[in-house]
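The values are calculated or read from the model by the stated rules, or taken from the named source; none is laboratory data. Since the structure is predicted, the reported quantities are computational estimates derived from the model, not experimental observations. Don't worry about glycine lacking a Cβ; one is built from the backbone with ideal geometry, like all the others, and counts go over all protein chains shown. The protein model used for the area step is the full one, side chains on, heavy atoms only, and it has no ligands, DNA or RNA in it. Shrake-Rupley method; radii C 1.70, N 1.55, O 1.52, S 1.80 Å.
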Amino acid sequence: MWAGVALFALLAFLPINAVASEGCGEIACDHVEIDLQDKESLQSGAKYFVNYCMGCHSAKYSRWERVATDLEIPEDLMMDNLVLGEDRIGQLMSIAMPAKESKAWFGATPPDLTLVARARSPEWLYTYLRNFYQDDSRPTGVNNKVFDKVAMPHVLMELQGLPVCAPGPAHDEHGHVIRNALGEAVADEECGSLEIGEIKGSMSPAEFDEAVKDLVGFLEYVAEPAAEDRERIGVYVLLFIAVFFVFAYLLNREFWRGIH
Ligand code: HEC
């Protein structure tokens, strides 16, 4: 019996990591710590998402109203500042831009972003949004370290400024810095690092990282709005099982009393 209990305990607490980790293109992913309980950060992320992303991307598996409730945004504030155009609060977060035309404009249709944090990962998004750089050979004038030849323009340029290529360490195909026998990074690549060039943004690098973190937090929230509930209920379920186990054990002992 104890072997069974041990196995159950092991299975219950084993972290199940179903999502295969994916690299970040040419470079290693930057780590980001998202706190889904930080409503203020998620609200700020929602604001960036509506203002900078919804010109092209929808989040059409989510409703304005659900976002307002979950992020504790009062309805009038939501209507005045976030809900787009003539939309009513009960509507889905869709956009007016037709997919076929946008493909002709950009060369690729901007995908719906409701589930992108699950399809990619928060780290991928955080790294992607901070690694656009000037590349005059591209139609948009920019390329991206994480998503080579991406059709998306650098929409956060007014905040970040425009990064340009600078010499830096070479990376292998897994995004790890290539080192010599002494463990020193070999700085020999023309575009091994990025630095903000002539076009400056309104934010410092630290402020910009924080803004992108808020935005990625919102994308993670919207990909699974019930994540917080799920975790809370999970704790109750485990507590219930633990308490139930005590009674099951006592009952079991009562049944077998006098037989051994
Ligand atoms: C001007 C239009 C436009 C705006 C605004 C825009 N994007 Fe994009 N985005 C695109 C296009 C086009 C693609 C498709 C790129 C491709 O496939 O080459 C794309 C792709 C993406 C992808 C990659 C999706 C995937 O998994 O392949 C992500 C993530 C993304 N955008 C996030 C954002 C975020 C976050 C914002 C707001 C900060 C934003 N985008 C604003 C046009 C836009």
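Between a residue in the stretch 83-100 that is under 16 Å from C53 (Cα atoms) and any residue that is at pLDDT 90 or above and surrounded by fewer than 15 Cβ atoms within 10 Å (Cβ to Cβ), which pairs come within a Cβ distance under 7 Å, given they are 6 or more apart or on different chains?
Correct list of pairs: L92/K60; M93/K60; S94/K60.
Among the residues of the stretch 125-152, write down those that are open to solvent by 30 Å² or more (accessible area, probe 1.4 Å) and aromatic (F, W, Y).
Selection gives F147 alone.
Against the definition (of a type in the set (S, T, Y), more than 8 Å from the ligand (Cβ to nearest atom), assigned to a loop (DSSP other than H, G, I, E, B) and out of contact with any strand residue (DSSP E or B) (no Cβ under 7 Å at 6 or more places or on another chain)), how does T140 come out, yes or no?
Yes.
What is the number of the single condition among (1) of a type in the set (D, E); (2) assigned to a loop (DSSP other than H, G, I, E, B); (3) within 15 Å of the ligand (Cβ to nearest atom); (4) surrounded by 13 or more Cβ atoms within 10 Å (Cβ to Cβ) that E158 does not meet?
(2)
Somewhere in the stretch 135-147, is a residue of a type in the set (V, I, T) and over 20 Å from the mean Cα position of the chain (by Cα)? Spell out the reasoning first.
First pass over the stretch 135-147, keeping only residues of a type in the set (V, I, T): 140, 142, 146.
Adding the requirement that they be over 20 Å from the mean Cα position of the chain (by Cα) leaves 140, 142.
Checking the stretch 135-147: at least one residue is of a type in the set (V, I, T) and over 20 Å from the mean Cα position of the chain (by Cα).
With (1) out of contact with any helix residue (DSSP H, G or I) (no Cβ under 9 Å at 6 or more places or on another chain); (2) more than 9 Å from the ligand (Cβ to nearest atom); (3) open to solvent by 80 Å² or more (accessible area, probe 1.4 Å) as the list, and I95 as the residue in question, which single condition is left unmet?
(3)
Name the single residue that is surrounded by the most Cβ atoms within 10 Å (Cβ to Cβ) among those in the stretch 106-124 being near the ligand (Cβ under 8 Å from one of its atoms), over 9 Å from the mean Cα position of the chain (by Cα) and hydrophobic (A, V, I, L, M, F, W, C).
The qualifying residue surrounded by the most Cβ atoms within 10 Å (Cβ to Cβ) is L113.
Residues E86, E65, E40: which one is over 19 Å from P153 (Cβ atoms), of a type in the set (D, E, K, R) and outside any helix (DSSP H, G or I)?
Working: E65 fails: outside any helix (DSSP H, G or I); E40 fails: outside any helix (DSSP H, G or I).
Of E86, E65, E40, the one residue that is over 19 Å from P153 (Cβ atoms), of a type in the set (D, E, K, R) and outside any helix (DSSP H, G or I) is E86.
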